[in-house]
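Structure, as structure tokens:
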Amino acid sequence: MAKQDVNNLKTDSGIPVKRIFSSKDLVKTEYDEEEAGRFPYTRGLYPNMYRERQWTMRQYSGFGSAEETNNRFRFLLEHGQTGLSLAFDLPTQTGRDSDNQYSQGEVGRTGVAISSIDNMMTCFQNIPLEKVSTSMTINSTASTLLALYIVVAESQGVSSSILRGTTQNDILKEYIARNTYIYPPRQSMRIIGDMIQYCSKSVPQWYPISISGYHMREAGSNVDEFAPRLSFFFCCTMEFFEEIAKFRAARRIYAKIMKEKFGATNDKSTHLRFHVQTSGESLTAQQVDNNVVRVTLEALSAVLGGCQSLHTNSRDEALALPTEESVKVALRTQQIIANETGVVKTVDPLSGSYYLEYLTSKIEEGVEEYLKKIESLGGALAAIEKGFFQEEIRRNAYQLKKEIDNSDRVIVGVNKFQDQNEVEPLLNTLDPEIEIRQVNKLIEFKKNRDQTKVNSELNKLQSFAEKENENLMPHIISAVKNHVTLGEISDIFVNIFGRYEQKFSF
């Protein structure tokens, strides 16, 4: 391991860290005496924060069949979870039904398989949708999944006007990082805009997107009409103080952008509401019990940073889908932070720390410079089309890997403090028959539906999709009500919009 240069220490994002900080390091601003609940919300969105209401506690769930996912949901709710978070398998994410030839081997693997209204009904069986908040981690097919959720709610007698939850739906990051896109960026943005517009009128308590800031321009209405229902989804990793500062700076930056650039006049439009998930990248397959410590520290920094909703990863997720026991420990982590540590007794408890305030200001400066660079490229969508973000991520990933390989960055149990006698924990295993049962159910579902109605719905959906100014959400809802599948809806859009092919640069 290279000898550490104590005179040149930096945070993960490259901010210099001095031996000691003092009042001389604080940047004087007009917000020095800022109160929580007041613009620009550095100290928190609400005056009383967790003294009044704790954050929503979620565990990322969804695997195998709809039946298994329903069982996991009910297990977590019984143990005190306050919000549901639904993960989908790769075929569902990429717009393919479970019986599609390209779905083979992936059905139910990274999340639950949802192809039809029957699957969604089973997933939320005996779960009162008027009482729970549901987060769905889905992007390209988010409009169809939300349509299915709305129809399930209607079957329970629950109006869409009282449904609470979030669709992740940040499609731009798919082209940047995850690659579960289907349609080209501009056509995907059209579908997202339709969702935002529809939700603002018909599902007013739903957050239709956890966004990158670009999407705000695409919704096609006054910013104050939809901005109060926008939310963000952040990752929280191991650089403890920098992560807290990141969340504080993000609130401040967002509030200023919404007010100064987009002309928001409603205070709620300037509120940066965000869900946090602890870092999956920080989890190690070696010495998995160490991950409990990592997740605890990441969760604590998210709470000290003022999140509205939090998901804590399970200790065994680097190896497999988490077991019930691991999920329960992850949930208990949040409950202990909320009820035993005392950090919820005061608002923004680390405010005034010379180091934290220095980091907050430095992050704000860096973000503003980065935003100017993106603007000079023509905005986020143009930057994606030019491969800018993708190249930035590749460069950073390469640098991180090099630091770990050279032991310049210590990962306990991986490149230091290894354990040669480590015993692998008991892991969750998927029933190999899940895919067969899911495909057979889907074949039966398609066989027993009214094909005339299905064909009519598909024809109407194609006709409306060809009209650029037509909002597609009501027609997607109508389609799933009449037993059109997720894959069939996606295929219609592919026929019209095309399928996106990634551009690589080296």
Cα-only Rg/Rh for the stretch 106-214 with Kirkwood Rh rounds to 0.96
So, with points 7 Å from each Cα along the Cβ direction, the residue 155-residue 417 label distance in nm works out to 4.9
One quarter of the C-alpha convex hull surface, i.e. the mean projected area of the stretch 1-61 in nm², amounts to 8.6
Rg (one decimal) and Dmax (whole number) from the Cα set of the stretch 52-133, in Å, equal 13.6, 51
Per the Kirkwood formula over distinct C-alpha pairs, the hydrodynamic radius of the chain in angstrom is 24.1
Across 5 Å bins beginning at 0, the whole-percent shares of Cα-Cα pair distances in the stretch 314-461 come to 1, 6, 6, 7, 9, 11, 13, 14, 12, 8, 6, 5, 2, 0
Expressed as a percent, the accessible surface of the stretch 60-194 that is carbon or sulfur, using a 1.4 Å probe and the full set of protein chains, is 44
Answer in debye to the nearest 20: the dipole magnitude of the chain about its Cα centre, from +1 Lys/Arg and -1 Asp/Glu charges placed on Cβ, is 840
FRET efficiency (residue 456, residue 427; Cβ distance; R0 51 Å; to 0.05) is 0.65
Of every hundred units of 1.4 Å-probe accessible area on the stretch 438-506, the number belonging to carbon and sulfur atoms, as a percent, is 48
Projected onto the charge dipole of the chain (unit charges on the beta-carbon of Lys, Arg, Asp and Glu, signs +1, +1, -1, -1), the Cα from 493, 244, 37 with the largest positive-side position is that of 37
Bounding extents of the stretch 392-455 in its principal axis frame from Cα atoms, largest first in Å, are 64, 38, 10
If unit charges are put on Cβ atoms (+1 for Lys and Arg, -1 for Asp and Glu) and the dipole of the stretch 382-506 is taken about its Cα centre, the option from 477, 455, 429 lying farthest towards the positive end turns out to be 455
Bounding extents of the stretch 228-293 in its principal axis frame from Cα atoms, largest first in Å, are 51, 22, 14
At the level of C-alpha centres, the distance separating the stretch 452-480 and the stretch 335-351, in angstrom, is 49
Percent of all alpha-carbon pairs of the stretch 247-345 at distances over 18 Å, whole number, is 54
With -39,500 (n - 2.57) per DSSP H segment of 4 or more residues and division by the full residue count of the chain, the 222 nm estimate, nearest 500 deg cm²/dmol, is -13000 deg cm²/dmol
Subtracting the Cα-Cα distance of residue 8 and residue 256 from 0.36 nm times their residue separation yields 86.0 nm
Probe 1.4 Å, heavy atoms of protein chains only: per residue, the accessible area of the chain in Å² is 46
In Å, the Kirkwood hydrodynamic radius from C-alpha pairs for the stretch 421-497 sits at 15.0
Expected field for residue 151, accessible surface area in Å² at 1.4 Å probe radius, rounded to 10, holds 10
Two pseudo-spin positions, 7 Å from Cα along C-beta at residue 24 and at residue 268, lie apart in nanometres by 4.7
Square roots of five times the C-alpha gyration tensor eigenvalues of the stretch 1-159, ordered largest first and given in whole Å, equal 43, 25, 15
Measure of exposure for residue 55: accessible area at 1.4 Å probe, Å² rounded to 10, is 10
Restricting to Cα pairs under 8 Å and 6 or more apart, the percent relative contact order of the chain works out to 20
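The values are calculated or read from the model by the stated rules, or taken from the named source; none is laboratory data. Since we're looking at a predicted model, the values are computed, not measured. Cβ sites come from the backbone with ideal geometry, for glycine too, and all protein chains shown count toward neighbours. Calculation scope for accessible area: heavy atoms of the full protein, side chains included, ligands and nucleic acids excluded. Shrake-Rupley method; radii C 1.70, N 1.55, O 1.52, S 1.80 Å.
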